[in-house]
Amino acid sequence: MKICVVDVGTSSIRSAATDGHRLICFRQQHTPPDRPEPGLVEFDANDMAAAILQTATEVVDEVGGVDAVAVTTQRGSAVVWDRKTGQPVGPALGWQDLRTVGECLGWQAEGLWLVPNESATKLVWLLDRHDPDRIRDLCFGTVDSWAVWCLSQGACHVVDPSNAAMSGMLADDGRAWSAAVIEQIGVPSRVLPEIVDSTGVVGTAAALPGGPPIAGIIGDQQSSLIGQRCVLEGLAKLTLGTGAFLDVCGGPDRPIADKRSSRGTFPIVAWQEDGTIVWGVEAMMIAAGSNMSWLVDDMGLLGDASESSAVAGSVTDAGGVVYVPALYGLGTPQWDFGARAALFGMTGGTTAAHIVRAVLEGVAHRAADLLEAAEADCGHRIERVRVDGGMSQNPVFNQILADALGRPVELCPVPEGTALGAAVLAGRALGQWSSWQEVADSWSPQAVVEPRAAPDRQRWHEAVQRASRWYPELSDIGL
Ligand code: ADP
(Lines give C-alpha, C1' and ligand atoms only; values in the text may rest on other atoms or scores of the structure.)
Protein backbone atom coordinates (compact mmCIF):
# COMPACT_ATOMS: atom_id res chain seq x y z
CA MET A 1 0.00 0.00 0.00
CA LYS A 2 1.32 3.46 -0.92
CA ILE A 3 0.14 6.47 1.04
CA CYS A 4 1.02 10.09 0.42
CA VAL A 5 1.40 11.93 3.72
CA VAL A 6 1.25 15.71 3.71
CA ASP A 7 3.01 17.06 6.81
CA VAL A 8 2.38 20.77 7.32
CA GLY A 9 4.95 21.97 9.85
CA THR A 10 5.66 25.43 11.17
CA SER A 11 8.61 26.22 8.94
CA SER A 12 8.31 23.68 6.14
CA ILE A 13 5.80 21.57 4.25
CA ARG A 14 6.79 18.00 3.53
CA SER A 15 5.05 15.40 1.40
CA ALA A 16 6.19 11.80 1.50
CA ALA A 17 5.12 8.52 -0.01
CA THR A 18 5.28 5.69 2.49
CA ASP A 19 4.16 2.12 2.98
CA GLY A 20 3.63 2.86 6.69
CA HIS A 21 7.07 1.52 7.64
CA ARG A 22 9.57 3.61 5.69
CA LEU A 23 9.62 6.66 3.46
CA ILE A 24 9.81 5.88 -0.25
CA CYS A 25 9.91 9.37 -1.69
CA PHE A 26 10.09 12.79 -0.09
CA ARG A 27 9.60 16.46 -1.11
CA GLN A 28 9.97 19.54 1.06
CA GLN A 29 9.40 23.27 0.68
CA HIS A 30 10.53 25.76 3.30
CA THR A 31 7.70 28.06 4.28
CA PRO A 32 8.89 30.09 7.27
CA PRO A 33 6.05 32.11 8.81
CA ASP A 34 6.09 35.93 8.78
CA ARG A 35 6.93 37.67 12.03
CA PRO A 36 5.71 41.22 11.36
CA GLU A 37 6.37 42.28 14.96
CA PRO A 38 7.72 40.56 18.06
CA GLY A 39 5.08 38.12 19.28
CA LEU A 40 3.13 38.06 15.99
CA VAL A 41 3.29 35.01 13.71
CA GLU A 42 1.36 34.97 10.43
CA PHE A 43 1.39 32.97 7.23
CA ASP A 44 -0.16 33.21 3.79
CA ALA A 45 -2.67 30.35 3.53
CA ASN A 46 -2.58 30.52 -0.29
CA ASP A 47 1.20 30.00 -0.26
CA MET A 48 0.69 27.11 2.13
CA ALA A 49 -1.91 25.57 -0.21
CA ALA A 50 0.41 25.94 -3.21
CA ALA A 51 3.26 24.20 -1.36
CA ILE A 52 0.95 21.39 -0.21
CA LEU A 53 -0.36 20.76 -3.72
CA GLN A 54 3.03 21.04 -5.42
CA THR A 55 4.94 18.73 -3.06
CA ALA A 56 2.10 16.18 -2.90
CA THR A 57 1.63 16.17 -6.69
CA GLU A 58 5.36 15.58 -7.24
CA VAL A 59 5.35 12.68 -4.77
CA VAL A 60 2.23 11.07 -6.22
CA ASP A 61 3.60 11.40 -9.75
CA GLU A 62 7.00 10.01 -8.81
CA VAL A 63 5.59 6.83 -7.25
CA GLY A 64 3.03 6.38 -10.03
CA GLY A 65 -0.09 7.02 -7.93
CA VAL A 66 -1.07 6.32 -4.32
CA ASP A 67 -3.86 4.42 -2.57
CA ALA A 68 -4.70 7.25 -0.17
CA VAL A 69 -3.67 10.62 1.21
CA ALA A 70 -3.19 11.49 4.87
CA VAL A 71 -2.66 14.88 6.45
CA THR A 72 -0.73 15.75 9.62
CA THR A 73 -0.28 19.32 10.76
CA GLN A 74 0.81 21.90 13.29
CA ARG A 75 -2.14 22.18 15.63
CA GLY A 76 -3.09 25.57 17.08
CA SER A 77 -3.03 27.84 14.00
CA ALA A 78 -6.16 29.40 12.49
CA VAL A 79 -7.27 30.06 8.90
CA VAL A 80 -10.51 31.82 7.96
CA TRP A 81 -11.71 31.82 4.36
CA ASP A 82 -14.75 32.69 2.26
CA ARG A 83 -16.83 29.59 1.59
CA LYS A 84 -17.81 30.62 -1.96
CA THR A 85 -14.49 31.89 -3.29
CA GLY A 86 -12.19 29.75 -1.14
CA GLN A 87 -10.08 32.86 -0.55
CA PRO A 88 -8.58 33.46 2.92
CA VAL A 89 -9.92 36.68 4.47
CA GLY A 90 -6.52 37.78 5.73
CA PRO A 91 -3.27 36.30 6.91
CA ALA A 92 -3.60 33.06 8.83
CA LEU A 93 -2.38 33.25 12.43
CA GLY A 94 0.32 30.85 13.62
CA TRP A 95 0.04 28.83 16.81
CA GLN A 96 2.87 30.81 18.49
CA ASP A 97 1.17 34.16 17.82
CA LEU A 98 0.61 36.06 21.07
CA ARG A 99 -1.68 38.88 19.90
CA THR A 100 -4.66 37.49 21.81
CA VAL A 101 -3.09 37.64 25.30
CA GLY A 102 -5.31 40.59 26.29
CA GLU A 103 -8.50 38.86 25.12
CA CYS A 104 -7.49 35.70 26.99
CA LEU A 105 -7.03 37.61 30.25
CA GLY A 106 -10.47 39.17 29.66
CA TRP A 107 -12.11 35.76 29.11
CA GLN A 108 -10.30 34.40 32.18
CA ALA A 109 -11.87 37.18 34.23
CA GLU A 110 -15.26 35.91 32.97
CA GLY A 111 -14.37 32.36 34.04
CA LEU A 112 -13.37 31.00 30.61
CA TRP A 113 -9.78 29.71 30.52
CA LEU A 114 -8.39 30.17 27.03
CA VAL A 115 -4.73 30.67 26.10
CA PRO A 116 -3.28 32.43 23.03
CA ASN A 117 -2.08 29.24 21.34
CA GLU A 118 -5.62 27.88 21.19
CA SER A 119 -6.99 28.60 17.73
CA ALA A 120 -10.37 29.85 19.04
CA THR A 121 -8.71 33.06 20.19
CA LYS A 122 -7.24 33.62 16.73
CA LEU A 123 -10.57 32.81 15.06
CA VAL A 124 -12.28 35.50 17.13
CA TRP A 125 -9.52 37.99 16.26
CA LEU A 126 -9.95 37.28 12.54
CA LEU A 127 -13.76 37.42 12.69
CA ASP A 128 -13.69 40.72 14.58
CA ARG A 129 -11.65 42.26 11.78
CA HIS A 130 -13.19 40.64 8.72
CA ASP A 131 -16.77 39.96 9.77
CA PRO A 132 -17.53 42.14 12.80
CA ASP A 133 -21.31 41.74 12.37
CA ARG A 134 -20.99 37.97 11.83
CA ILE A 135 -23.00 38.06 8.60
CA ARG A 136 -20.52 36.64 6.07
CA ASP A 137 -20.45 33.01 4.98
CA LEU A 138 -16.95 32.18 6.23
CA CYS A 139 -15.19 28.96 7.10
CA PHE A 140 -12.77 28.48 9.98
CA GLY A 141 -10.16 25.80 9.98
CA THR A 142 -7.12 24.61 11.81
CA VAL A 143 -4.36 23.79 9.33
CA ASP A 144 -5.64 20.24 8.76
CA SER A 145 -9.06 21.67 7.78
CA TRP A 146 -7.44 24.07 5.33
CA ALA A 147 -5.22 21.36 3.84
CA VAL A 148 -8.17 18.99 3.33
CA TRP A 149 -10.29 21.81 1.89
CA CYS A 150 -7.55 22.54 -0.67
CA LEU A 151 -6.85 18.88 -1.49
CA SER A 152 -10.58 18.22 -1.97
CA GLN A 153 -11.02 21.44 -3.99
CA GLY A 154 -13.51 22.82 -1.51
CA ALA A 155 -15.63 19.68 -1.12
CA CYS A 156 -14.69 18.93 2.53
CA HIS A 157 -14.80 21.31 5.49
CA VAL A 158 -13.71 18.99 8.29
CA VAL A 159 -11.38 18.70 11.28
CA ASP A 160 -10.25 15.73 13.31
CA PRO A 161 -10.59 15.82 17.11
CA SER A 162 -6.82 15.79 17.76
CA ASN A 163 -6.66 19.19 16.06
CA ALA A 164 -10.09 20.42 17.18
CA ALA A 165 -9.16 19.74 20.81
CA MET A 166 -6.37 22.34 20.50
CA SER A 167 -8.89 25.02 19.57
CA GLY A 168 -10.31 25.57 23.05
CA MET A 169 -13.83 25.14 21.64
CA LEU A 170 -14.34 21.39 22.00
CA ALA A 171 -16.77 20.05 24.61
CA ASP A 172 -15.24 18.07 27.49
CA ASP A 173 -16.14 14.70 25.98
CA GLY A 174 -14.22 15.67 22.80
CA ARG A 175 -17.17 14.82 20.58
CA ALA A 176 -18.67 18.17 19.60
CA TRP A 177 -18.12 21.90 19.66
CA SER A 178 -19.02 23.42 23.00
CA ALA A 179 -22.16 25.54 22.47
CA ALA A 180 -21.43 27.43 25.68
CA VAL A 181 -17.87 28.38 24.68
CA ILE A 182 -18.67 29.47 21.13
CA GLU A 183 -21.59 31.55 22.37
CA GLN A 184 -19.44 33.24 25.01
CA ILE A 185 -16.69 34.17 22.56
CA GLY A 186 -19.05 35.12 19.72
CA VAL A 187 -18.37 32.44 17.12
CA PRO A 188 -21.30 31.42 14.86
CA SER A 189 -21.50 27.64 14.65
CA ARG A 190 -21.82 27.72 10.83
CA VAL A 191 -18.14 28.73 10.46
CA LEU A 192 -16.91 25.62 12.27
CA PRO A 193 -15.81 22.49 10.41
CA GLU A 194 -17.50 19.12 10.83
CA ILE A 195 -15.63 16.92 13.33
CA VAL A 196 -14.67 13.61 11.69
CA ASP A 197 -12.69 10.51 12.67
CA SER A 198 -8.90 10.69 12.46
CA THR A 199 -8.98 7.45 10.45
CA GLY A 200 -11.56 6.97 7.71
CA VAL A 201 -12.26 8.23 4.22
CA VAL A 202 -13.65 11.77 4.34
CA GLY A 203 -13.52 12.65 0.65
CA THR A 204 -11.42 12.71 -2.48
CA ALA A 205 -8.18 14.59 -3.02
CA ALA A 206 -9.42 15.82 -6.41
CA ALA A 207 -6.46 18.21 -6.63
CA LEU A 208 -3.98 15.32 -6.83
CA PRO A 209 -3.26 12.99 -9.76
CA GLY A 210 -5.67 10.04 -9.67
CA GLY A 211 -7.92 11.67 -7.03
CA PRO A 212 -6.96 9.37 -4.13
CA PRO A 213 -9.19 9.17 -1.05
CA ILE A 214 -8.31 11.35 1.96
CA ALA A 215 -8.21 8.74 4.71
CA GLY A 216 -6.25 10.08 7.69
CA ILE A 217 -6.16 13.44 9.51
CA ILE A 218 -4.12 14.01 12.67
CA GLY A 219 -2.13 16.59 14.67
CA ASP A 220 1.66 16.41 14.39
CA GLN A 221 2.54 15.15 17.88
CA GLN A 222 -0.22 12.55 17.78
CA SER A 223 1.05 11.45 14.38
CA SER A 224 4.53 10.96 15.79
CA LEU A 225 3.00 9.02 18.71
CA ILE A 226 1.22 6.66 16.32
CA GLY A 227 4.18 6.58 13.92
CA GLN A 228 6.37 5.31 16.77
CA ARG A 229 3.71 2.68 17.44
CA CYS A 230 2.71 4.07 20.85
CA VAL A 231 -0.85 2.93 20.24
CA LEU A 232 -1.49 0.95 23.42
CA GLU A 233 -2.12 2.43 26.85
CA GLY A 234 1.08 3.52 28.64
CA LEU A 235 3.35 3.67 25.57
CA ALA A 236 5.16 6.99 25.20
CA LYS A 237 7.29 8.97 22.78
CA LEU A 238 9.43 12.06 23.09
CA THR A 239 9.96 14.27 20.05
CA LEU A 240 13.07 16.45 20.45
CA GLY A 241 12.89 19.20 17.85
CA THR A 242 13.14 22.94 18.44
CA GLY A 243 10.99 22.31 21.52
CA ALA A 244 10.11 18.88 22.84
CA PHE A 245 6.84 17.04 23.37
CA LEU A 246 6.37 13.93 25.48
CA ASP A 247 3.11 12.16 24.61
CA VAL A 248 1.63 9.13 26.31
CA CYS A 249 -1.08 6.98 24.78
CA GLY A 250 -4.06 6.63 27.10
CA GLY A 251 -7.39 4.90 26.78
CA PRO A 252 -11.06 5.67 26.29
CA ASP A 253 -11.37 7.75 29.48
CA ARG A 254 -10.51 11.41 29.40
CA PRO A 255 -7.58 12.29 31.71
CA ILE A 256 -8.80 14.03 34.83
CA ALA A 257 -7.51 17.50 34.06
CA ASP A 258 -9.93 19.74 32.23
CA LYS A 259 -7.16 21.76 30.58
CA ARG A 260 -3.66 22.04 32.05
CA SER A 261 -3.15 19.79 35.07
CA SER A 262 -1.53 20.90 38.32
CA ARG A 263 1.60 19.09 37.08
CA GLY A 264 1.59 21.10 33.88
CA THR A 265 0.52 18.38 31.42
CA PHE A 266 -2.43 18.51 29.03
CA PRO A 267 -5.07 16.00 28.08
CA ILE A 268 -4.92 15.33 24.33
CA VAL A 269 -7.10 13.45 21.90
CA ALA A 270 -4.63 10.88 20.55
CA TRP A 271 -6.98 9.90 17.72
CA GLN A 272 -10.62 9.03 17.00
CA GLU A 273 -11.86 5.93 15.21
CA ASP A 274 -15.50 4.94 14.60
CA GLY A 275 -16.55 7.81 16.86
CA THR A 276 -14.46 6.53 19.78
CA ILE A 277 -11.70 8.70 21.16
CA VAL A 278 -8.38 7.43 22.46
CA TRP A 279 -7.10 10.02 24.93
CA GLY A 280 -3.54 10.79 25.94
CA VAL A 281 -1.38 13.07 28.02
CA GLU A 282 1.12 15.61 26.69
CA ALA A 283 4.01 17.34 28.45
CA MET A 284 5.98 20.13 26.82
CA MET A 285 9.49 21.59 26.90
CA ILE A 286 9.58 25.07 25.37
CA ALA A 287 13.28 24.92 24.40
CA ALA A 288 15.09 21.70 23.45
CA GLY A 289 17.05 21.85 20.15
CA SER A 290 16.86 25.64 20.33
CA ASN A 291 19.52 25.40 23.06
CA MET A 292 21.78 23.86 20.43
CA SER A 293 20.95 26.68 18.01
CA TRP A 294 21.83 29.11 20.81
CA LEU A 295 25.24 27.44 21.26
CA VAL A 296 25.82 27.61 17.48
CA ASP A 297 24.32 30.95 16.42
CA ASP A 298 24.56 33.13 19.50
CA MET A 299 27.43 31.74 21.57
CA GLY A 300 29.59 30.52 18.67
CA LEU A 301 30.71 27.51 20.75
CA LEU A 302 29.82 25.05 17.97
CA GLY A 303 29.91 25.27 14.18
CA ASP A 304 26.84 23.07 13.88
CA ALA A 305 24.38 21.37 16.25
CA SER A 306 25.64 17.93 15.22
CA GLU A 307 29.14 18.81 16.55
CA SER A 308 27.69 18.78 20.06
CA SER A 309 27.93 15.00 20.22
CA ALA A 310 31.71 14.85 19.70
CA VAL A 311 32.40 17.96 21.80
CA ALA A 312 30.30 16.73 24.75
CA GLY A 313 31.79 13.26 24.33
CA SER A 314 35.33 14.67 24.70
CA VAL A 315 34.76 15.06 28.46
CA THR A 316 33.48 12.41 30.84
CA ASP A 317 31.22 14.80 32.76
CA ALA A 318 30.20 18.44 32.85
CA GLY A 319 32.83 19.28 35.48
CA GLY A 320 30.23 20.41 38.02
CA VAL A 321 28.44 22.73 35.56
CA VAL A 322 24.65 22.62 35.55
CA TYR A 323 22.59 24.33 32.82
CA VAL A 324 18.88 25.08 33.09
CA PRO A 325 17.55 25.36 29.51
CA ALA A 326 14.93 28.02 30.24
CA LEU A 327 15.73 30.29 27.28
CA TYR A 328 12.06 31.20 26.87
CA GLY A 329 10.76 30.16 30.29
CA LEU A 330 9.86 26.70 31.52
CA GLY A 331 6.94 24.54 30.34
CA THR A 332 5.83 21.34 32.08
CA PRO A 333 5.69 21.15 35.05
CA GLN A 334 6.28 24.75 36.20
CA TRP A 335 4.87 26.86 33.35
CA ASP A 336 7.02 29.77 34.43
CA PHE A 337 7.33 32.26 31.56
CA GLY A 338 9.58 34.44 33.72
CA ALA A 339 12.28 31.78 34.23
CA ARG A 340 15.45 32.23 32.19
CA ALA A 341 18.33 29.96 31.23
CA ALA A 342 21.15 29.74 33.76
CA LEU A 343 24.61 28.19 33.98
CA PHE A 344 25.87 27.29 37.44
CA GLY A 345 29.11 25.92 38.83
CA MET A 346 31.74 27.28 36.45
CA THR A 347 35.27 27.69 37.73
CA GLY A 348 38.82 27.97 36.41
CA GLY A 349 39.33 24.98 34.13
CA THR A 350 35.72 24.87 32.93
CA THR A 351 35.88 24.44 29.16
CA ALA A 352 33.51 24.85 26.24
CA ALA A 353 33.16 21.06 26.20
CA HIS A 354 31.92 21.10 29.82
CA ILE A 355 29.36 23.74 28.92
CA VAL A 356 28.14 21.89 25.81
CA ARG A 357 27.81 18.73 27.87
CA ALA A 358 25.95 20.62 30.60
CA VAL A 359 23.51 21.95 27.99
CA LEU A 360 22.76 18.41 26.77
CA GLU A 361 22.39 17.26 30.39
CA GLY A 362 20.01 20.16 31.11
CA VAL A 363 17.73 19.17 28.22
CA ALA A 364 17.84 15.56 29.45
CA HIS A 365 16.90 16.63 32.99
CA ARG A 366 13.98 18.60 31.55
CA ALA A 367 12.91 15.45 29.70
CA ALA A 368 12.95 13.60 33.03
CA ASP A 369 10.77 16.37 34.51
CA LEU A 370 8.29 15.85 31.66
CA LEU A 371 8.33 12.09 32.16
CA GLU A 372 7.68 12.36 35.91
CA ALA A 373 4.75 14.76 35.36
CA ALA A 374 3.22 12.65 32.58
CA GLU A 375 3.57 9.43 34.55
CA ALA A 376 1.87 10.95 37.56
CA ASP A 377 -0.97 12.32 35.43
CA CYS A 378 -1.58 9.22 33.31
CA GLY A 379 -1.22 6.83 36.24
CA HIS A 380 1.20 4.49 34.46
CA ARG A 381 4.88 3.80 34.85
CA ILE A 382 6.38 4.37 31.41
CA GLU A 383 8.85 1.54 30.92
CA ARG A 384 10.61 2.77 27.79
CA VAL A 385 10.66 6.03 25.87
CA ARG A 386 10.71 6.19 22.06
CA VAL A 387 12.46 9.24 20.64
CA ASP A 388 12.55 11.12 17.35
CA GLY A 389 13.35 14.67 16.17
CA GLY A 390 16.62 16.51 15.50
CA MET A 391 18.29 15.99 18.90
CA SER A 392 17.72 12.23 18.74
CA GLN A 393 20.40 12.18 16.01
CA ASN A 394 23.00 12.82 18.74
CA PRO A 395 24.50 9.59 20.19
CA VAL A 396 26.09 11.21 23.25
CA PHE A 397 22.85 13.00 24.08
CA ASN A 398 20.86 9.77 23.73
CA GLN A 399 23.01 8.13 26.44
CA ILE A 400 22.69 11.20 28.69
CA LEU A 401 18.93 11.08 28.08
CA ALA A 402 18.61 7.39 28.96
CA ASP A 403 20.60 8.07 32.16
CA ALA A 404 18.37 11.00 33.15
CA LEU A 405 15.14 9.13 32.38
CA GLY A 406 16.39 5.93 34.01
CA ARG A 407 14.64 4.03 31.20
CA PRO A 408 15.75 2.53 27.91
CA VAL A 409 15.51 5.00 25.06
CA GLU A 410 14.38 3.54 21.74
CA LEU A 411 15.39 5.42 18.61
CA CYS A 412 12.82 5.86 15.85
CA PRO A 413 13.84 4.09 12.62
CA VAL A 414 13.26 7.34 10.67
CA PRO A 415 14.35 10.77 11.97
CA GLU A 416 10.71 11.92 12.32
CA GLY A 417 7.90 9.51 13.15
CA THR A 418 5.32 12.10 12.07
CA ALA A 419 4.82 10.91 8.50
CA LEU A 420 4.46 7.30 9.61
CA GLY A 421 1.60 7.96 12.03
CA ALA A 422 -0.70 9.65 9.53
CA ALA A 423 0.07 6.82 7.11
CA VAL A 424 -0.94 4.23 9.73
CA LEU A 425 -4.29 6.02 10.14
CA ALA A 426 -4.94 6.06 6.39
CA GLY A 427 -3.75 2.46 6.07
CA ARG A 428 -6.09 1.45 8.86
CA ALA A 429 -9.01 3.08 7.00
CA LEU A 430 -8.11 1.01 3.94
CA GLY A 431 -7.73 -2.28 5.80
CA GLN A 432 -3.91 -2.40 5.95
CA TRP A 433 -3.86 -3.07 9.72
CA SER A 434 -6.26 -5.57 11.25
CA SER A 435 -5.81 -4.30 14.84
CA TRP A 436 -3.97 -1.72 16.91
CA GLN A 437 -2.06 -4.62 18.44
CA GLU A 438 -0.71 -5.38 14.97
CA VAL A 439 0.39 -1.75 14.66
CA ALA A 440 2.07 -1.94 18.09
CA ASP A 441 3.84 -5.18 17.17
CA SER A 442 5.33 -3.62 14.06
CA TRP A 443 7.63 -1.37 16.14
CA SER A 444 11.24 -1.95 15.27
CA PRO A 445 13.58 0.66 16.80
CA GLN A 446 16.76 1.62 15.03
CA ALA A 447 18.65 1.15 18.33
CA VAL A 448 17.98 0.88 22.07
CA VAL A 449 20.09 2.88 24.55
CA GLU A 450 20.09 1.45 28.08
CA PRO A 451 20.52 3.72 31.11
CA ARG A 452 23.83 3.46 32.93
CA ALA A 453 24.51 6.05 35.66
CA ALA A 454 21.76 8.12 37.28
CA PRO A 455 22.46 11.88 37.38
CA ASP A 456 22.07 14.08 40.49
CA ARG A 457 18.42 15.07 40.32
CA GLN A 458 18.50 16.96 43.61
CA ARG A 459 21.25 19.29 42.36
CA TRP A 460 19.14 19.79 39.22
CA HIS A 461 16.05 20.78 41.20
CA GLU A 462 18.14 23.31 43.15
CA ALA A 463 19.36 24.82 39.87
CA VAL A 464 15.79 25.05 38.51
CA GLN A 465 14.73 26.79 41.68
CA ARG A 466 17.40 29.43 41.17
CA ALA A 467 16.52 30.00 37.49
CA SER A 468 12.80 30.32 38.25
CA ARG A 469 10.97 33.64 38.47
CA TRP A 470 13.88 35.65 37.01
CA TYR A 471 11.26 38.08 35.70
CA PRO A 472 8.55 37.79 38.37
CA GLU A 473 6.09 39.96 36.44
CA LEU A 474 6.20 37.43 33.58
CA SER A 475 6.02 34.50 35.99
CA ASP A 476 2.82 35.95 37.42
CA ILE A 477 0.98 35.86 34.06
CA GLY A 478 -1.38 32.94 34.51
CA LEU A 479 -1.46 31.64 30.92
P1 ADP B 1 11.57 21.04 14.21
O2 ADP B 1 10.74 19.93 13.59
O3 ADP B 1 11.06 21.59 15.50
O4 ADP B 1 11.96 22.11 13.23
P5 ADP B 1 13.78 19.13 14.12
O6 ADP B 1 13.23 17.84 14.61
O7 ADP B 1 14.09 19.28 12.67
O8 ADP B 1 12.95 20.37 14.67
O9 ADP B 1 15.13 19.39 14.96
C10 ADP B 1 15.85 20.58 14.81
C11 ADP B 1 16.51 20.94 16.14
O12 ADP B 1 17.37 19.88 16.55
C13 ADP B 1 17.35 22.18 16.00
O14 ADP B 1 17.09 23.03 17.10
C15 ADP B 1 18.80 21.66 16.05
O16 ADP B 1 19.61 22.59 16.74
C17 ADP B 1 18.67 20.37 16.81
N18 ADP B 1 19.61 19.34 16.32
C19 ADP B 1 19.70 18.87 15.07
N20 ADP B 1 20.67 17.92 14.99
C21 ADP B 1 21.19 17.81 16.22
C22 ADP B 1 22.21 17.00 16.81
N23 ADP B 1 22.90 16.11 16.10
N24 ADP B 1 22.46 17.16 18.14
C25 ADP B 1 21.77 18.04 18.87
N26 ADP B 1 20.80 18.83 18.38
C27 ADP B 1 20.50 18.72 17.09
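In terms of accessible area, using a 1.4 Å probe and ignoring ligands and nucleic acids, 126, 105 rank largest first as 105, 126.
Taking all protein chains together and rolling a 1.4 Å probe, residue 113 ends up with roughly 80 Å² accessible.
Neighbours of residue 370 by Cβ distance under 12 Å: Lys/Arg scored +1, Asp/Glu scored -1, total -3. Each Lys or Arg adds one and each Asp or Glu subtracts one; over the other residues with Cβ under 15 Å from the Cβ of residue 91, this totals -4. A cut-off under 13 angstrom between Cβ atoms defines the neighbours of residue 390, and their net charge, with Lys, Arg +1 and Asp, Glu -1, is -3. Estimated at the nearest 10 Å², the accessible area of residue 2 is 70 Å² with a 1.4 Å probe.
If you take the Cα centroid of the stretch 426-459 and the Cα centroid of the stretch 212-231, the two points sit 14 Å apart. Per-peptide packing, taken as the mean over residues of other Cβ atoms within 10 Å, places 323-330, 423-430 in the sequence 423-430, 323-330 from highest down.
The lysines whose alpha-carbon is closer than 29 Å to the alpha-carbon of residue 84, local same-chain residues fewer than 8 away aside, are 122.
Only helices enter the 222 nm calculation for the chain: every DSSP H run of n ≥ 4 contributes -39,500 (n - 2.57), and dividing by all residues gives -9000 deg cm²/dmol, rounded to 500. Take every pair of alpha-carbon atoms less than 8 Å apart whose residues are at least six positions apart; their mean separation over the length of the chain yields a relative contact order of 15 percent.
Each listed q (0.11, 0.13, 0.14, 0.17 Å⁻¹) maps to a log10 I(q)/I(0) for the stretch 3-219 from the Debye sum over equal C-alpha point scatterers, namely -0.50, -0.69, -0.80, -1.14. Backbone geometry of the stretch 206-222 corresponds, through the Karplus equation with coefficients 6.51, -1.76 and 1.60 at θ = phi - 60°, to 3J(HN,Hα) couplings of 4, 7, 9, x, x, x, x, x, 8, 10, x, 9, 6, x, 5, 5, 5 Hz, x marking Gly and Pro. Surface calculation, 1.4 Å probe, protein heavy atoms: residue 43 sits at approximately 20 Å² accessible. The packing ranking, built from the mean of other Cβ atoms within 10 Å per residue, places the peptides 194-204, 280-290 in the order 280-290, 194-204, highest first. What fraction of the Cα pairs in the stretch 323-479, stated in percent, has a spacing above 19 angstrom? Considering the stretch 323-479, 64 percent of its Cα-Cα pairs are separated by more than 19 Å.
The values are calculated or read from the model by the stated rules, or taken from the named source; none is laboratory data. Bear in mind the structure is a predicted one, so any value in this text is a computation, not a measurement. Positions of Cβ are generated from backbone atoms using ideal geometry, with glycine treated the same way; all protein chains shown enter the neighbour counts. Surface areas here come from the heavy atoms of the whole protein model, side chains and all, with no ligands, DNA or RNA. Shrake-Rupley method; radii C 1.70, N 1.55, O 1.52, S 1.80 Å.
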